[in-house]
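First comes the structure, then the notes that go with it.
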Amino acid sequence: MINNYYIERTAQAVFTVFAVVTMTFGMIRLMPGGPVSYIRSQLVQQQGNQVDMEQVNALVEVYTNVAPDEPLYIQYIDYMAALLQGDLGVSMFYNDPVTEILASAAPWTVFVMSISLVLTFGLGITLGAVMAYIEGSRFDVSTTLVSIFLNSIPYYVMAIILVYVLGYQFNWFPTGGRISSDVATGMNLAFLQSAFYHAALPIASLVITGFGIQALAMRGNSIRVLGEDYIRVARLRGLPPHDIALRYVGRNAILPMYTGMMIAIGFMFGGSVILEEIFAYPGIGYYMFRGIMARDYPLMMGAFLIITIAVVVGIYVADLTYGKLDPRAGSGGGNREAY
Amino acid sequence: MSKTDDTQTATTAGTGAGTDLSSIRVDDPIVEIRNASVTFDMERGESRVLDEVSLDIERDEILGIVGESGSGKSMFASALLDAIVNPGVLTGDVTYHPQGDAEVDVLGLSPEQLRELRWEEISMVFQGAQSSFNPTITIRAHFEETIEAHNYNMEQAMAHARELLSDLYMDPDRVLDSYPHELSGGMQQRTLIALSLVLEPNVLVMDEPTAALDLLMQRSILSLLEDLQEKYDLSIVFITHDLPLVAGLADRLAVMYAFEFVEIGPASDLIGNPTHPYTRALLKAVPNLDTPLSEMRPIDGMAPDPVDVPQGCSYHPRCPLADETCRAEDPTYHDVTSDHQSACFHWEDSAEAIPLSTDGEHGETQAFAGEQSDEPVVSLEDVDVHFDQVSDGGLLSVFQEPDTVHAVDDISLDVYENDVVTLVGESGCGKTTLGKAVIGAQRPTDGTVAYRGQDIWEAKDSRRETDIPYEHIRRSLQMIHQDPGSSLNPNRKVAASLKAPLKRWEPDMDPDDRQERILSLLEYVGMSPPGDYAQRYPHQLSGGEKQRVALIRALLMNPDVILADEAVSALDVSLRVEVMDLMLELQDLFDTSYVFISHNLSNARYFSGKAGGRIGVMYLGELVEIGPAEQIINDPQHPYTKVLRWSTADLDIEETVEDPPLRGIDIPDPVDPPSGCRFHTRCPEAREACTRAQPTLDGHDDGTEHRTACFREYDESHEYWESEPIVDDADDADVAVGGSDSDARTDE
Ligand code: SF4
Ligand code: SF4
């Protein structure tokens, strides 16, 4: 039963990635005004009307790994083969292999996103739990209000406000880049400091607008769990309060939030496109945005693919760990009594 | 919590309530409760859910506390551990005597002392075992954290835990490694009992510990409790709404009504000579197997609201003996004998006013039987219902071999006009599925279901005109649910809910006639004034009233058969008889048949017996015995029916709880039912032949209506009589019960 659960989830994840790749292929190949016509028109601009179709096709193949004159299924196989080797084509705008560009950008996006995620949930869960324990107190009421208010602000609005006020007006934070140009790359203190300094605003805009809903969810779950019989029994059994708080209330209240966490992973990576553009922070989202603006199809597709895979993997991991945390998951729900 | 420093006065206290407490004292109390009250502040006023209650619990006794829901009995349980939930306030005194002269003032303890008292000295088992466990940690973790929190020696205590688990007929390793949801309800409840005893407390308070379980499991647990009580010198307080259930178990009984004890006494006295009018009414109201059917009677009126308890004796609005004194004064305890008290002025007259016959003479009971037809209305032939159980609907589950649950296996059954068939069995035996198959709400995987000769599912599927159109069949076969609330639209008034079916089925009816018909029916079922009830919403009705509305709604279709699935189980005990009576009266009026589903043999006997109907006993998807109600009850043939009969407690006090006539407590997995006779894993009569061949209902036709699927009914030539009895493997704790060494407890 348990093994089946893992196999199932893995298959689902692989299938999703596969579907996205196929879709990407279809888009490149079939989209009107796709890369083929784009390259042709570029060449026409450069060389006048004597465009050699062969030359166009060769160029298209170089950039996108798709040879337009081959039959469709060969193109598909070629494209997949290239992908499996980690070859995402060559960026038309930067004229570098897409894989290289994205490989250098990815850690930064992951860096910003994972810190945001940890902070959002850490802050949300702690606050929510505290609010639930002192339900109805002034702290609870005011935090609830603040949470609702902050949660209603879109993250990009918060980002613009932050970058405008703290970046441009006060000059407290940098308005672009991932590290200062005078810091050498490497695992030294100055580098880390600079990296956090540059990532602070993007992280802040995600966390400030994101923690509220998690806090409220945690508060609601905790209050529900606190009313459960097993909490009462645990108290009567004389368990120490911190055991009850962690193993009983905490665990049972956090579990239902896992779904929320999965959604948050997708949401944050999707949001990185706009966020990194606002902060001129060269991560994957930033390159994707550039790719779209410049009609740089290989870059666009590559970034899109990476973001999708990241989301799928995130959800996959969450799914598997959920099975570890909640013994009831994947066991069919125990509805034996139903008939 | 009251910080009383006058613990010593507890023994002499009691003047406040005006009651003389000397009479309720026992020789060697382990817990003394004096003037305990619990109050809640509510908008409507102060709600007093425990009212100046005083009681002693004797060392090493089993004290049964009986009361209907809302009588304050759970509050009493919590009070013993000073565990009233906020914002309730507990006042009075609770004194615990650990050993000899030592005294502990429970309500005056510091939080740390209280923490130690609970579970180490006084422990508690709740109803709903499932919700008493943390669903995300294993059973082992529950035990370990409890032991750790009280600084007991882990190794010794865990060894004790294992011993307790095997005392309760479970495999310790398997249970400890499970998560709560992996255990069946009965196992969860037994595990909870083990958990409450792991620190070797002296007092065990059990609040409706078996209410959610099948009767058979309840009785099995009770018989185990008795063994535990002996073995570990426990004092047990057993709280329940089910008087017959504890009657055989308890040494003393205390009956609660309206937040106080109205009668206290030794169990045999209290059952044999109940003196309080409420106790007598309760005994009459509870369906059981011994009281003649004609004597069972519901209690009129409603239990009082805690905010507004009647002046004087709180029972006077419902009491046939009430007079001026009762209305003005609160009765104190009157001694019936030196250890039997009754809080009633007129206790001496109660026996005359409310006669009870406990001498099992069965009166004539053919009250409601209408003319039954020769031709069946609904006829089932070789019906199978199998469910595929797939773990969950993921991508790969396609490749998985689904588990097949045999909910109903090869059953033939005819339902006649004006018939009453009651199906009984433990949960999961397939009785609901069979019931649904009868009314065409569940498609059989094999076999046929015919309505007056027309195959129901053929009528549904075929496009051609059938002899009887499907619409007509659907309308003729109706259902009422266990939870009447779920079948009534909460946003619709009663009148609207009742009109809808009439409009649909009799569109030509004049609106005034329609209204008239509904009102007269409401009136008929005792909901008057009907105009007022018709304008109410479901949430403004009580459980019994909702069930009546659901019943009327089903009857308005003029159905031939009504499936009543546990229709009275959710109701308070005293209401059950009333609703069943009503159903039978309406049967007479409307000429319908009932298929009544119940896990409770007493209800089955009452319902089927009164209408001269049949009882069918189901086990793991098969019908193992069927016959006229009184025959099934008084002369059960199948070993399983005998077990069920045993599990339905008698009021007979002489009969102490014995070991179940059963070799295993837990039901086998319906996914993989045992070979041969499915009951052979638990049957005390099982022989080797039973594991191979399957007995049938018709294997030994003796021409009567009473048929049994057991080889013991077959004649001597059957191989059963030659084969070896099955002997249990002693190591397999899950199966062996019969060989337990416990002897019946002797009343000291
Ligand atoms: S005191 Fe009066 S009203 Fe109360 S139970 Fe006795 S007779 Fe009935
Ligand atoms: S056939 Fe055998 S196992 Fe089945 S009930 Fe009869 S005696 Fe018991």
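The values are calculated or read from the model by the stated rules, or taken from the named source; none is laboratory data. Worth saying up front: this structure is predicted, and the values here are computed from it rather than measured. Backbone-built Cβ (ideal geometry, glycine too); neighbour counts: all protein chains shown. These area figures cover heavy atoms from the full protein model, side chains too; ligands, DNA and RNA do not enter into them. Shrake-Rupley method; radii C 1.70, N 1.55, O 1.52, S 1.80 Å.
Below, the figures for the structure above:
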{"item": "Nearby aspartates and glutamates by direct alpha-carbon distance to B:K503 (threshold 18 angstrom, same-chain neighbours under 8 apart not counted)", "result": "B:E471, B:D512, B:D513, B:E516"}
{"item": "Acute angle (nearest 10 degrees) that the helix A:189-226 long axis makes with the longest principal axis of chain A, alpha-carbon atoms", "result": "50 degrees"}
{"item": "Contact order normalised by residue count of the stretch A:126-240, Cα under 8 Å, 6+ apart, percent", "result": "42 percent"}
{"item": "Share of carbon and sulfur in the accessible heavy-atom surface of the protein assembly as shown [1.4 Å probe, %]", "result": "52 percent"}
{"item": "Value of relative contact order over chain A, rounded to a whole percent, pairs C-alpha under 8 Å and six or more apart", "result": "23 percent"}
{"item": "On Cα atoms only, tilt of A:98-133 relative to the major axis of chain A in degrees", "result": "20 degrees"}
{"item": "Separation of alpha-carbon centers, the stretch A:173-242 and the stretch B:425-495, rounded to whole Å", "result": "55 Å"}
{"item": "Sites matching GluC sites (Glu not before Pro) across the stretch B:403-482 that sit in DSSP coil, with at most 16 neighbouring C-beta atoms within 10 Å", "result": "B:E465"}
{"item": "Relative contact order (%) - criterion: Cα under 8 Å, at least six apart; region: the stretch A:55-130", "result": "18 percent"}
{"item": "Point-to-point label distance, B:E471-B:D233, nm (Cα→Cβ direction, 7 Å offset)", "result": "7.6 nm"}
{"item": "Projected-area mean, the stretch B:144-191, by convex hull of Cα positions, square nanometres", "result": "3.3 nm²"}
{"item": "Where chymotrypsin sites (Phe, Trp or Tyr not before Pro) fall in DSSP loop in the stretch B:23-100, at most 11 other Cβ within 10 Å", "result": "none"}
{"item": "Potential lengthening between B:Q540 and B:E329 on full extension [0.36 nm per residue; Cα-Cα distance subtracted]", "result": "72.7 nm"}
{"item": "Largest-first principal axis extents of the Cα set of the protein assembly as shown (Å)", "result": "118, 83, 72"}
{"item": "Karplus-derived HN-Hα couplings along the stretch B:602-612 (A = 6.51, B = -1.76, C = 1.60, θ = phi - 60°), whole Hz, x at Gly and Pro", "result": "5, 4, 4, 5, 4, 5, 5, x, 5, 9, x"}
{"item": "Efficiency of FRET between B:K460 and B:T404 - r from beta-carbon atoms, R0 25 angstrom, step 0.05", "result": "0.55"}
{"item": "Solvent-accessible surface (1.4 angstrom probe) belonging to A:R295, in square angstrom, nearest 10", "result": "100 Å²"}
{"item": "Exposure ranking of B:E348, B:E260 by accessible area [1.4 Å probe, largest first]", "result": "B:E348, B:E260"}
{"item": "Probe 1.4 Å, all protein chains present, accessible-area order of A:E277, B:E68, B:E200, largest first", "result": "B:E200, A:E277, B:E68"}
{"item": "Buried accessible area, chains A and B (both chains, 1.4 Å probe, Å² to nearest 100)", "result": "3300 Å²"}
{"item": "Estimated distance in nm for a label pair at B:D101 and B:D715, the labels positioned 7 Å out from Cα along Cα-to-Cβ", "result": "7.9 nm"}
{"item": "Prolate/oblate/rounded call for chain A, Cα gyration tensor, a/c under 1.5 rounded", "result": "oblate"}
{"item": "Reachable lysines, given that their alpha-carbon falls under 25 Å from the alpha-carbon of B:K431 and they are not under 8 places away in the same chain", "result": "B:K460, B:K546, B:K610, B:K642"}
{"item": "Chain A: angle of helix A:284-293 to the longest principal axis, Cα-based, in degrees nearest 10", "result": "40 degrees"}
